[in-house]
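Scroll down for the structure; my scribbles are underneath it.
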Amino acid sequence: MRVAIVHYWLVSMRGGEKVVEALCDMYPDADIFTLVYDENRVSEKIRKHKIYTSFLQRIPGAVRSYQSLLPLMPFALESFDLSDYDLIISSESGPAKGIIPSPRATHVCYCHSPMRYLWDHYHVYRSHAGLASRLMMPMLAPLLRSWDVNTSLRVDRFVANSHHVCDRISKYYRRSATVLYPPVNVDDFTPATSIEDFYLCAGQLVPYKRVDLAVAAFTRMNRKLLVIGEGKQMEELKRAAGPTVTFLGRVPFPVLKEKLARCRALIFPGEEDFGIVPVEAMASGRPVIAYGSGGALETVIPDLSGVLFGKQSVDSLIEAVLDFEATEHRFHSDELQAHAEQFSLHKFTAGMQTIINEELLIRRTDRSRSHRPIAAMQRGLETQLPVLATKPHSTTLQ
């Protein structure tokens, strides 16, 4: 069985790329197809596979500015020749499911999210875009949404990374999905023997992550906040931050691991489809203070793994921090670790293998059933018209 893994772009190692790594473990001989690829920013595990890029790779600056090429992505995806593959697994958040599978192929889509910038986050992305993008998006978005919905019909089975994403698949594509949480390498994280007096915010510094709320809240409270990550909001956030907020930028994994284990709590103010960093914090024995929406509702359990706040506002976040400090003694590292175990890599690979095997069996059964009426018709004709049976070249029934 020839297997293809399709991922939107390979230019960093975030949650989506961790899923690709897990799929690489499951199918070590699989080929990978992606729109653009930066081999210096992905893991060795991914680099070991044969990787095919689209024509976008040849455009100067595409690896850095790939998001500006969104109007070309449907053409790039459909240019991939996947006709020789029996199983196609697309990893969807940007466009990926829009490849053209062969009629005999089984296409399973692991959906991190329908494209946010076309659907429920469209107005947020447009308001933060440059002038040219703001002018073009209203003209291009309807066409891209239509393509996005139409290509959902090319998928045999949707797998959603959370119930939140499952609902969005149902809303925008009118398709059902199986929920399977993404893999978190919980064994890579361990609690620290001592906790330090600082809070942590980690992730991409882009508008929808709402790191601005954390910066403003901790500046007002005069409490220590470490911010790990990089992105286009970096300079803006630095200008708004007070002396108690420190920006570490992009850090190596050992530093992230150490900060997760030693912080009082992780601050998670954005609405995420799932949110891997909160689970990594729990695996490190630390609770999470999160905005109570999206994937956080499935991982952050009040009084067990963290505190939820109801509004994306500075005041609401400050209130949640004060509530946490009043009840901080209730959170225990061993309980947090046990809670994180349900999101482990092993559970993902076992669940994904079961889903794929089920879909392969369904497809094989459907193909077998579709051939039975034709075979029966042929037998019937041979019974009624024995002359045809003795002269097979005189008629053709396929």
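Couple of notes before you dig in:
- Simple spin-label estimate for H163 and I100 gives 4.0 nm between the two label positions (7 Å along the Cα-to-Cβ direction from each Cα).
- F75-S176 pseudo-label distance in nm [points 7 Å out on the Cα-to-Cβ vector]: 3.9
- Relative pair counts by distance (%), Cα atoms of the stretch 299-363, 5 Å bins: 3, 15, 16, 14, 12, 11, 9, 8, 7, 4, 2, 0
- Positive-end residue of L226, S83, V206, charge dipole of the chain with Cβ unit charges: S83
- Ellipticity at 222 nm from helices only: DSSP H runs of n ≥ 4 in the chain, each -39500 (n - 2.57), divided by the residue count, give -12500 deg cm²/dmol.
- Put a plus charge on the Cβ of each Lys and Arg, a minus charge on the Cβ of each Asp and Glu, and nothing anywhere else: the dipole of the chain about its Cα centre is then about 1200 debye.
- Nonlocal amide H pairs with G295, under 5 Å, H built at 1.01 Å: E272, D273, F274
- Fluctuation leader among V206, V159, V19 - the chain, Gaussian network, Cα springs under 10 angstrom: V206
- Proximal lysines relative to K259, as straight alpha-carbon distance under 19 Å, when same-chain residues fewer than 8 apart are discounted: K224
- The stretch 124-168 residues near the modelled I301 label - backbone nitrogen below 19 Å, point 7 Å along Cα→Cβ: 162-164
- Furthest towards positive pole of dipole, I46, T244, I169, structure part the chain, Cβ charges: I169
- In summary, the convex hull built on the alpha carbon positions of the stretch 243-301 has an orientation-averaged projected area of 4.4 nm².
- Each Lys and Arg contributes +1 and each Asp and Glu -1, all at the Cβ; summed about the Cα centre of the stretch 3-179, the dipole is approximately 600 debye.
- Considering only R64, R14, R154, the mean-square fluctuation computed in a Gaussian network model of the chain, springs between alpha carbons under 10 angstrom, is largest for R64.
- When the P(r) of the stretch 170-258 is calculated, the portion above 20 Å amounts to 50% of the C-alpha pairs.
- Partners for K97 among aspartates and glutamates (Cα-Cα distance below 16 Å; same-chain residues under 8 apart left out): E17, D31, E78, D81, D86, D148, D156
- What the Kirkwood sum gives for the stretch 3-179 is a hydrodynamic radius of 16.5 Å, with every pair of different alpha carbons counted.
- Screening the chain for DSSP H helices whose Cα atoms reach 27 Å or more along their own axis and whose mean Kyte hydropathy is at least 0.0 gives 131-151.
- In whole angstrom, the stretch 190-313 maps to an equivalent ellipsoid with semi-axes of 20, 17, 14, each derived as √(5λ) from the alpha carbon gyration tensor and ordered largest first.
- Charge dipole magnitude, Cβ of K and R +1, D and E -1 - the stretch 186-343, Cα centre, debye nearest 20: 660
- The Cα center of the stretch 12-45 and the Cα center of the stretch 212-257 differ in position by 29 Å.
- Values of log10 I(q)/I(0), in the order q = 0.08 Å⁻¹, for the stretch 117-276 under a Debye, Cα-only, solvent-free model: -0.33
- For the options E236, E92, E298, a Gaussian network treatment of the chain with springs between C-alpha atoms closer than 10 Å singles out E236 as fluctuating the most.
- Comparing the stretch 125-208 with the 2.2 N^0.38 Å rule of thumb, its C-alpha radius of gyration ratio is 1.63 (two decimals).
- Percent of Cα-Cα distances greater than 36 Å, calculated over the chain: 32
Read-outs throughout are calculated quantities, based only on the coordinates presented, and are distinct from any laboratory measurement. Please read these numbers as outputs of a predicted model, since none were measured by experiment. No Cβ is skipped: glycine too gets one built from the backbone with ideal geometry, and neighbour counts run over all protein chains shown.
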